[in-house]
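The structure appears below as structure tokens.
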Amino acid sequence: MEQEKSVVKKETNLGSIRIADEVVSIIAGLAATEVDGVAGMSGGIAGGIAEMLGRKNFAKGVKVEVGEKEAAVDLFVIVKYGVRIPDIALAVQENVKQAIETMTGLSVVEVNIHIQGVILPEEQKTEEVRVR
Amino acid sequence: MNILNRILLFLLSLTVAAASLLVLLFCLGTFPAPVWSNELVYAASIPESIIGSALAFLISLFALYRSFSGTGKSPAARGSSLIVHSPTGDVRVEYAAVRELVDRAALAVSGVREVKMKMLAKGESVPLQLYLRLILSPGTDAARVSADVTARVRQQVEQFMGLKDVPVDITIAGVSGRIAERKHRVV
């Protein structure tokens with residue numbers, strides 16, 4: 001079985017605690033989509049195919065670089081039409097930073113946001129109906 | 001996919017189809033073995049076979065390269081606009097998002113049929129510069145439309161991206177009576 005990439009967070013006399021990189025990605029992805037104004041994450045072709053096959057990918061649109069104590073995050077986001085992008089981006093940065101620091105204890109050095117697209121309300125509704 | 005790639009793909013598909021059909025006929029024993037061997041020896045002796053095989057091989061390599069190189073222009077090649085640079089991180093708006101905003105603004109102006117956009121972004125010194133090519137409907141006042149489009153695009157960019165006084169260069173590329181298909185006319 002392929003060993004997933006992880007960081008040794010803590011070593012105690014009882015053993016070690018490892019946090020997989022994917023965990024940090026999922027935390028960041030969920031924190032980003034919680035922000036009002038964010039329509040979703042942009043996962044590219046691979047992400048789209050995985051979703052078509054019915055596999056939910058909570059780490060879609062997230063790239064993380066995880067070290068022993070720090071993490072850097074890149075988020076590829078699609079926003080709703082009508083929102084002010086700098087305000088949304090700031091909210092996403094704060095939410096993601098707080099979520100990762102709270103849940104993993106890692107210090108987030110940077111959260112870069114890449115706005116990949118703008119989605120209109122009727123496009124959003126069509127996607128919601130499809131998944132219910 | 002552009003026209004050249006379509007033609008190459010067509011030729012490659014035709015070659016593969018012909019070759020697989022020949023193999024199928026051979027396997028089914030449609031023609032006697034001596035006939036096949038004679039034809040193969042003949043084919044191997046003529047220069048056209050070498051040229052054809054070499055061309056097919058080169059086209060296959062090209063198709064292989066294209067299949068791994070993504071869907072054409074990468075987002076990085078089209079550019080992204082850096083709108084926020086802070087200790088917390090950077091915020092970039094990719095071409096597709098800017099395109100959506102500009103399309104909404106420009107196509108809302110009466111007389112504009114089609115919009116083509118290029119953008120230039122060089123970091124903090126030039127966060128965004130837009131070059132629009134407009135196709136107008138016949139009888140439209142080009143000067144009025146240009147001024148309207150510029151004002152609306154700047155207002156949209158300022159409202160949604162927080163960038164003020166973005167340079168917008170307008171070129172009237174043509175006149176057309178055809179109504180361009182628009183994905184969404186209303187929000």
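The values are calculated or read from the model by the stated rules, or taken from the named source; none is laboratory data. None of these values were measured; they are calculated from a predicted model. Using ideal geometry, Cβ is built from the backbone for each residue, glycine included, and neighbour counts are taken over all protein chains shown.
So here's what we get for this one:
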| quantity | calculated |
| --- | --- |
| Options B:Arg133, B:Arg144: the member that is modelled with pLDDT of 90 or more and not in a helix (DSSP H, G or I) | B:Arg133 |
| Residue identified as at pLDDT 95 or above, in a strand (DSSP E or B) and either within 11 Å of chain B (Cβ to nearest Cβ) or under 20 Å from B:Asp103 (Cα atoms) (or both) among A:Val92, A:Val111, A:Val96, A:Val118 | A:Val111 |
| Test: residue in the range B:119-130 that is part of a loop (DSSP other than H, G, I, E, B), modelled with pLDDT of 90 or more and at positive phi | no |
| Test for B:Ser81: is it buried (at least 17 other Cβ atoms within 10 Å of the Cβ), out of contact with any helix residue (DSSP H, G or I) (no Cβ under 6 Å at 6 or more places or on another chain), of a type outside the set (Lys, Arg) and at pLDDT below 90 | yes |
| Subset of the range B:123-145 [over 26 Å from B:His85 (Cα atoms) and surrounded by fewer than 20 Cβ atoms within 10 Å (Cβ to Cβ)] | B:Arg133, B:Ile135, B:Ser137, B:Pro138, B:Gly139, B:Thr140, B:Asp141, B:Ala142, B:Ala143, B:Arg144 |
| Residue match in the range B:93-108 (condition: surrounded by fewer than 18 Cβ atoms within 10 Å (Cβ to Cβ), part of a strand (DSSP E or B), within 14 Å of chain A (Cβ to nearest Cβ) and not hydroxyl-bearing (Ser, Thr, Tyr)) | no |
| Among (1) of a type in the set (Ser, Thr, Tyr); (2) within 29 Å of A:Pro121 (Cβ to Cβ); (3) in contact (Cβ under 8 Å) with a residue 60 or more places away in the chain - the single one A:Thr104 does not satisfy | (2) |
